[in-house]
1. Scanning the stretch 121-136 for residues that are among the hydrophobic types (A, V, I, L, M, F, W, C) and within 17 Å of the chain's Cα centre (by Cα), which turns out surrounded by the fewest Cβ atoms within 10 Å (Cβ to Cβ)?
2. Anything in the stretch 1-36 that is more than 13 Å from the chain's Cα centre (by Cα), among the hydrophobic types (A, V, I, L, M, F, W, C) and farther than 13 Å from Cys165 by Cα? List them, or say none.
3. Among the residues of the stretch 113-168, what is the count of those that are within 11 Å of the ligand (Cβ to nearest atom) and in a strand (DSSP E or B)?
4. Does Arg104 satisfy being over 20 Å from Glu32 (Cβ atoms), open to solvent by 10 Å² or more (accessible area, probe 1.4 Å), in contact (Cβ under 8 Å) with a residue 60 or more places away in the chain and out of contact with any Lys or Arg (no Cβ under 8 Å at 6 or more places or on another chain)?
5. Of everything in the stretch 151-172 that's polar (S, T, N, Q) and more than 18 Å from Lys4 (Cα to Cα), which residue is most open to solvent (accessible area, probe 1.4 Å)?
6. If I filter the stretch 56-69 for residues that are farther than 17 Å from Arg139 by Cβ and among the polar types (S, T, N, Q), do I get at least one hit?
7. Across the stretch 1-17, what is the total count of residues that are surrounded by 18 or more Cβ atoms within 10 Å (Cβ to Cβ) and more than 10 Å from the ligand (Cβ to nearest atom)?
8. Considering only the stretch 35-50, state which residues are assigned to a loop (DSSP other than H, G, I, E, B) and loosely packed, with under 13 Cβ neighbours inside 10 Å.
Amino acid sequence: MKQKNIILTGFMGSGKTSVGVRLSYRLRMPAEDTDKLIERREGRTVGAIFAENGEAYFREQETALLRELLNRKQRCIFSVGGGTPVRPENRVLLQQLGKVIYLRTRPETVYRRLKGDTTRPLLQCRNPMKRIEEMLAVRGPLYEEGAMFTVDVNKLRQSEAAEACIGYLRSAGCAFA
Ligand code: S3P
């Protein structure tokens, strides 16, 4: 399939889903969230999948879903889970799926936005700030490597982040933006 999808990547709390919805309005394209697609298919939350089957099982579901999405005919905006681009195989699949945009956040931004959140199993620990810093240090370069554009969203509202994405897509000559 020709690359007509838009993929939003980034750490938990970077606003992928909300920015995806904004882009959906602006570009008149449907938006999907891969965590939600997995939850719907499994009939349980990401938290329950982690608790009952473990992270490795969840990661298998993510990769399997990306393969399936390659066969979709309708173009779409996909917001993917924060861990999806970590697997090299997934970074290749994401690039095959569409234009990948990385929404970059600092650890402090993530911490502020997700303080008290109970839906992210990987941040349910004694020191979430330290965990966020450690994970971002590892993942940051992988997000960058897997993306066509990076939008620093630390100081942007969701609408501004969406406009920045559209600006990048236009500069790359994407007819749909
Ligand atoms: C994860 C991010 C989550 C979800 C799961 C694991 C991660 O998605 O896929 O909890 O490894 O960063 P969001 O980035 O949408 O929160």
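The values are calculated or read from the model by the stated rules, or taken from the named source; none is laboratory data. Quick caveat, the model's predicted, so the values are computed rather than measured. In this analysis, Cβ positions are derived from the backbone assuming ideal geometry, glycine residues included, and neighbour counts consider all displayed protein chains. SASA here: full protein model, heavy atoms, side chains in, ligands and nucleic acids out. Shrake-Rupley method; radii C 1.70, N 1.55, O 1.52, S 1.80 Å.
1. Only one residue fits best here, namely Leu122.
2. Of everything in the stretch 1-36, those that are more than 13 Å from the chain's Cα centre (by Cα), among the hydrophobic types (A, V, I, L, M, F, W, C) and farther than 13 Å from Cys165 by Cα turn out to be Met1, Met29.
3. Residues that pass the stated criteria total 0.
4. Details: over 20 Å from Glu32 (Cβ atoms): yes; open to solvent by 10 Å² or more (accessible area, probe 1.4 Å): yes; in contact (Cβ under 8 Å) with a residue 60 or more places away in the chain: yes; out of contact with any Lys or Arg (no Cβ under 8 Å at 6 or more places or on another chain): yes.
Yes: the conditions hold for Arg104.
5. By that ranking, first place goes to Gln158.
6. Looking for residues that are farther than 17 Å from Arg139 by Cβ and among the polar types (S, T, N, Q), one finds at least one in the stretch 56-69, hence yes.
7. The qualifying residues number 3.
8. Within the stretch 35-50, just Gly43 meets the criteria.
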